Amino acid sequence: MPALLVIDMQNCMAMPEAGQRNNPHAERHIASLLRAWRAMDAPIVHVRHISRSATSMFAPGQSGAEFQARFTPLPGAHVLEKNVPDAFINTALERWLRVRGIARVVMVGVSTNNSVEASARSAGNLGFDTVVVADATFAFAKTDYAGTARSADDVHAMALSNLDGEYASIMSSRDVLERYAGPGSAAAFA
């Protein structure tokens with residue numbers, strides 16, 4: 001079984017201050033995948049961003065940095081804290097996966113063009129069979145380098161395009177559930 005990496009599903013990502021986002025059903029899909037992985041007793045890694053900046057929404061010691069209630073790790077679950085977007089940098093995630101013989105990872109969470117994309121690039125470069133779940137990730141609207149405002153859907157789609165084939169496979173939560181939890185499983189967890 002691949003490890004499910006739940007990336008940065010913290011309170012601040014649900015706050016209006018985070019910005020205009022896409023994929024309003026992402027949390028439902030993430031929760032379905034998390035329930036399926038727990039039911040299969042499959043490996044799960046809860047990734048939490050802890051900022052080095054005191055003014056960040058991810059600053060330690062404030063409610064924005066805490067996990068959203070439905071994504072709170074169960075007792076004994078593996079929780080990884082990171083200080084940069086990439087979950088593999090200075091965290092021992094690669095070692096944790098390799099020691100357990102885990103060669104595949106399924107990534108969900110936020111944001112598609114930041115922590116998810118950075119982590120998926122590293123996973124692919126390190127040789128992990130990597131899946132990014134398109135409907136279980138989301139992004140925020142952003143102005144590009146040329147000054148053009150891009151919608152959250154555009155940012156999300158471009159990040160997925162950057163990853164597809166080169167670093168990861170892009171799949172839907174339904175397809176992931178069918179592949180790893182078995183035929184008909186998507187209906188049970190939807």
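Structure data summary
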{"read-out": "Verdict on Glu17 being open to solvent by less than 50 Å² (accessible area, probe 1.4 Å), in contact (Cβ under 8 Å) with a residue 12 or more places away in the chain and in a helix (DSSP H, G or I)", "value": "no"}
{"read-out": "Exclusive hit being open to solvent by 60 Å² or more (accessible area, probe 1.4 Å), over 25 Å from Ser32 (Cβ atoms) and assigned to a helix (DSSP H, G or I), set Arg70, Arg121, Arg52", "value": "Arg121"}
{"read-out": "Filter result (touching a helix residue (DSSP H, G or I) at 6+ places or on another chain (Cβ under 8 Å) and either aromatic (Phe, Trp, Tyr) or exposed (fewer than 15 other Cβ atoms within 10 Å of the Cβ) (or both)) within the stretch 157-171", "value": "Glu166, Tyr167"}
{"read-out": "Residue within the stretch 138-146 that is surrounded by fewer than 19 Cβ atoms within 10 Å (Cβ to Cβ), polar (S, T, N, Q) and without any contact (Cβ under 8 Å) to a residue 24 or more places away in the chain present", "value": "yes"}
{"read-out": "Residue that is open to solvent by 60 Å² or more (accessible area, probe 1.4 Å) and touching a residue at least 60 places away in the same chain (Cβ under 8 Å), where the choices are Asp129, Asp154", "value": "Asp129"}
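The values are calculated or read from the model by the stated rules, or taken from the named source; none is laboratory data. Note that this is a predicted model, so its numbers are computed, not measured. In this analysis, Cβ positions are derived from the backbone assuming ideal geometry, glycine residues included, and neighbour counts consider all displayed protein chains. Just so you know, the surface numbers come from the protein's heavy atoms only, side chains and all, with ligands and any DNA or RNA stripped out. Shrake-Rupley method; radii C 1.70, N 1.55, O 1.52, S 1.80 Å.
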